[in-house]
Amino acid sequence: MILKKINELKSNTGFMKYFNNTSWLFLEKAVRMITALFIGTWVARYLGTEKYGIYTYILSFVGLFQVIATLGLDNIVVRELVKNENKRDLLLGTAFGLKLGGTLLMLSLLTITINFTSNDLYTNTLICIYASTSFFQTFNVINFYFQSKVMSKFIAYSNIISLLIASIIKVFLIINKAPLIYFIYVFLFDSIIIAFCYIYFFYINNLTLKSWGFRKEIAKSLISES
């Protein structure tokens, strides 16, 4: 009886599509947890209390401003892509434009704010380096498309590739006793890798960024809902 049910599920195209999609997400989460456990712990031990304190402060400080860059659009854009597949290019292009605008606003506010903190020049430099990752994160709109089409394997591919490369670089930095600033640059490099992976997988699915467009009406609608 159980085997019969399993065979029925295997023959169900819809079920297998969502099962494979979920499996890729679980795999990506597992890789992320393993790298965080081993590489993250190693980085913390290498940097020591003082440097790791600065490291986490930078991530937390910039994280407060990155909410502005996202504009709360993520789930809304995915939903609209599912509902209005014929408007795919306009939705993606408009979301990209809005996120790019949000990123520029975020970077401007952050640059002004750090001048009113007690941070030294070195810490503020690290903050600016890490904050620049937000520019490349605007390409996450491609992630929204893959979510809407239940094609999470491409999201998993991108994240796993970037995680493995970033982990190798961190190990190399630890072995060579690199200063803190290089570990912050890893975040920037990681965001670039993910952006390029998203673009690559977007193109191999016979899609192109050139067809994206920006429409004010859609922008107003997305902003009002977010």
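Could you list all residues from the stretch 66-91 that are over 17 Å from Ser134 (Cα atoms), within 18 Å of the chain's Cα centre (by Cα) and either at pLDDT 85 or above or crowded, with 17+ Cβ neighbours inside 10 Å (or both)? Answer for the stretch 66-91, where residues must be over 17 Å from Ser134 (Cα atoms), within 18 Å of the chain's Cα centre (by Cα) and either at pLDDT 85 or above or crowded, with 17+ Cβ neighbours inside 10 Å (or both): Ile76, Val77, Val78.
Residues in the stretch 45-65 that are open to solvent by 30 Å² or more (accessible area, probe 1.4 Å), farther than 17 Å from Ile114 by Cα and of a type outside the set (Phe, Trp, Tyr): Arg45, Thr49, Glu50, Lys51, Gly53. Screening the candidates Thr94, Thr125 for the property of being part of a helix (DSSP H, G or I), farther than 24 Å from Leu173 by Cα and not aliphatic (A, V, I, L, M) yields one hit, Thr94.
Checking each residue in the stretch 139-185 for being under 15 Å from Lys51 (Cβ atoms), open to solvent by 30 Å² or more (accessible area, probe 1.4 Å) and in a loop (DSSP other than H, G, I, E, B) picks out Lys177, Pro179. Of all residues in the stretch 127-134, one or more are open to solvent by 40 Å² or more (accessible area, probe 1.4 Å) and at pLDDT 90 or above.
Taking the criterion of being surrounded by fewer than 15 Cβ atoms within 10 Å (Cβ to Cβ) and assigned to a loop (DSSP other than H, G, I, E, B), the residues of the stretch 97-122 that qualify are Asn115, Phe116, Thr117, Ser118, Asp120.
Restricting the stretch 205-226 to residues that are in contact (Cβ under 8 Å) with a residue 40 or more places away in the chain and β-branched (Val, Ile, Thr), the residue that is most open to solvent (accessible area, probe 1.4 Å) is Ile223.
If you go through the stretch 186-224 and pick out every residue that is within 30 Å of Ile54 (Cβ to Cβ) and either of a type in the set (Gly, Ala, Ser) or touching a Lys or Arg at 6+ places or on another chain (Cβ under 7 Å) (or both), you end up with 3.
The values are calculated or read from the model by the stated rules, or taken from the named source; none is laboratory data. Since we're looking at a predicted model, the values are computed, not measured. Quick reminder, even Gly has a Cβ in these numbers, built from the backbone with ideal geometry, and neighbours come from all protein chains shown. Note: accessible area is taken over every heavy atom of the protein model, side chains too, but ligands, DNA and RNA are not part of it. Shrake-Rupley method; radii C 1.70, N 1.55, O 1.52, S 1.80 Å.
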